[in-house]
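Novice: Here it is, the structure, as structure tokens.
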Amino acid sequence: MIFTFLLCGSLLFVWSESEIKATFTGVIEEINGQSAVVYVSEDEEYAVYGIIAVNLTKNPDETLQVGDKVKVGYDGTIRETAPIGISTLTVELVE
């Protein structure tokens, strides 16, 4: 019974961590393997702006290139690194 309780609790923790709490739209400036540097314009009304590191493995079916406009979903946490670090949850191409 204790094992079942711990298993359910850990599953709820993992599920709640992967919830999208914020998004931004930017342009891919550089691609390095499975990550990209995305520029988010200052005049956009998002919680973050500037140069942001994005994990492209969250959308393996999409072929993204430098210059593409993307919408990125993340968990709301911003790491104070250079470039800005986030926990990427979704990446989608914007037309």
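Novice: Name the single residue, out of those in the stretch 1-56 being surrounded by 10 or more Cβ atoms within 10 Å (Cβ to Cβ) and among the charged types (D, E, K, R), that is modelled with the lowest pLDDT.
Specialist: Filtering the stretch 1-56 for residues that are surrounded by 10 or more Cβ atoms within 10 Å (Cβ to Cβ) and among the charged types (D, E, K, R), the one modelled with the lowest pLDDT comes out as Glu17.
Novice: Identify, by number, the condition in (1) farther than 11 Å from Thr23 by Cα; (2) surrounded by fewer than 16 Cβ atoms within 10 Å (Cβ to Cβ); (3) of a type outside the set (Asp, Glu) that Leu64 doesn't meet.
Specialist: (2)
Novice: Report, by residue number, each residue of the stretch 50-76 that is in a loop (DSSP other than H, G, I, E, B) and either touching a helix residue (DSSP H, G or I) at 6+ places or on another chain (Cβ under 9 Å) or without any contact (Cβ under 8 Å) to a residue 12 or more places away in the chain (or both). Lay out the reasoning, then the answer.
Specialist: The first filter runs over the stretch 50-76 and keeps only residues in a loop (DSSP other than H, G, I, E, B), leaving 59-68.
Pro60, Asp61, Glu62, Thr63, Leu64 - these are the residues of the stretch 50-76 that are in a loop (DSSP other than H, G, I, E, B) and either touching a helix residue (DSSP H, G or I) at 6+ places or on another chain (Cβ under 9 Å) or without any contact (Cβ under 8 Å) to a residue 12 or more places away in the chain (or both).
Novice: Just the residues that are open to solvent by 40 Å² or more (accessible area, probe 1.4 Å), without any contact (Cβ under 8 Å) to a residue 60 or more places away in the chain and in contact with a Lys or Arg (Cβ under 9 Å, 6 or more places away or on another chain), please, taken from the stretch 77-95.
Specialist: Thr77, Ser87, Glu92, Leu93, Glu95
The values are calculated or read from the model by the stated rules, or taken from the named source; none is laboratory data. Quick caveat: nothing in here was measured; it's all calculated off a predicted structure. Positions of Cβ are backbone-derived with ideal geometry, glycine not excepted, and every protein chain shown enters the neighbour counts. The protein model used for the area step is the full one, side chains on, heavy atoms only, and it has no ligands, DNA or RNA in it. Shrake-Rupley method; radii C 1.70, N 1.55, O 1.52, S 1.80 Å.
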